[in-house]
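**Q** My questions will all concern the structure given below.
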Amino acid sequence: MTPLLLIPIALVLVLGIGLIFLCIRKIQPGRAGVITGWGGVRVSFDWMLRFPVLQSYHIVDISVKKLEIQRKGKDGLICKDNSAQTSQLHSTSVSKPARRACARFSRC
């Protein structure tokens, strides 16, 4: 083979590998990736390969959420009769099983 033929082949190979690296998406812990479009619905929790024009890509947060509210002492709630009320609220939100929740999200 001549060097003039090897240069375009190497260029196409390098561009192809670069395109593949642009299509790979890494997903952070506590999240799920949902791809819809060409190839159906796919859910992944670590990484996925997507084609930008043919598929849409969504990130779904599946982590546990915790909310705590405290109103005590001077920051307590004051009622109409000027009595101070102390209150606490603890709430935890746990996601449904991830694969079912992500699949349902992607169909909306």
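**Q** Which FRET efficiency value, to the nearest 0.05, do you get for I9 and V53 by plugging their Cβ-Cβ distance into 1/(1 + (r/R0)^6) with R0 = 25 Å? Could you put the intermediate results ahead of the total?
**A** Details: r = 26 Å, r/R0 = 1.02.
E between I9 and V53, to the nearest 0.05, is 0.45.
**Q** In addition: As a footprinting exposure proxy, order S56, S44 by other Cβ within 10 Å, with the fewest listed first. Please report the intermediate quantities before stating the final value.
**A** Working: S56 12, S44 15.
Final ranking by Cβ density, sparse to dense: S56, S44.
**Q** Follow-up. Enumerate by residue number the trypsin sites (Lys or Arg not before Pro) in segment 42-76 meeting two conditions: DSSP loop (anything except H, G, I, E, B), and at most 15 other Cβ atoms within 10 Å of the site's Cβ. If you can, show how the numbers build up before the last one.
**A** Working: sites: R42, R50, K65, K66, R71, K72, K74; in loops: R50, K72.
Sites meeting the loop and neighbour criteria: K72.
**Q** May I ask for the percentage of alpha-carbon pairs in segment 25-65 that lie more than 16 Å from each other? Don't skip to the answer; put the middle values down first.
**A** Numbers: 253 of 820 pairs.
The answer is 31 percent, as a whole percent.
**Q** Right, another one. Work out, step by step, the length gained on full extension between Q70 and F21: first 0.36 nm times the residue separation, then minus their alpha carbon distance; give nm to one decimal.
**A** On the way: separation 49, 0.36 × 49 = 17.64 nm, distance 4.77 nm.
Fully extending the segment from Q70 to F21 adds 12.9 nm.
**Q** Can you give me the Cα centroid spacing of segment 23-45 and segment 50-72 in angstrom?
**A** 13
**Q** Still on this structure, please answer the following. Can you sort F21, F51, F45 from fewest to most other Cβ atoms within 10 Å of each residue's own Cβ? Could the numbers behind the result be given before it?
**A** Values: F21 7, F51 13, F45 16.
Least to most surrounded, the residues fall as F21, F51, F45.
Every read-out reported here was derived from the displayed coordinates using simple, explicitly stated rules and does not represent laboratory data. This one's a predicted model, so the numbers in the text were calculated from it and none came from an experiment. Here the Cβ is made from the backbone with ideal geometry for all residues, glycine too, and neighbour counts use every protein chain on show.
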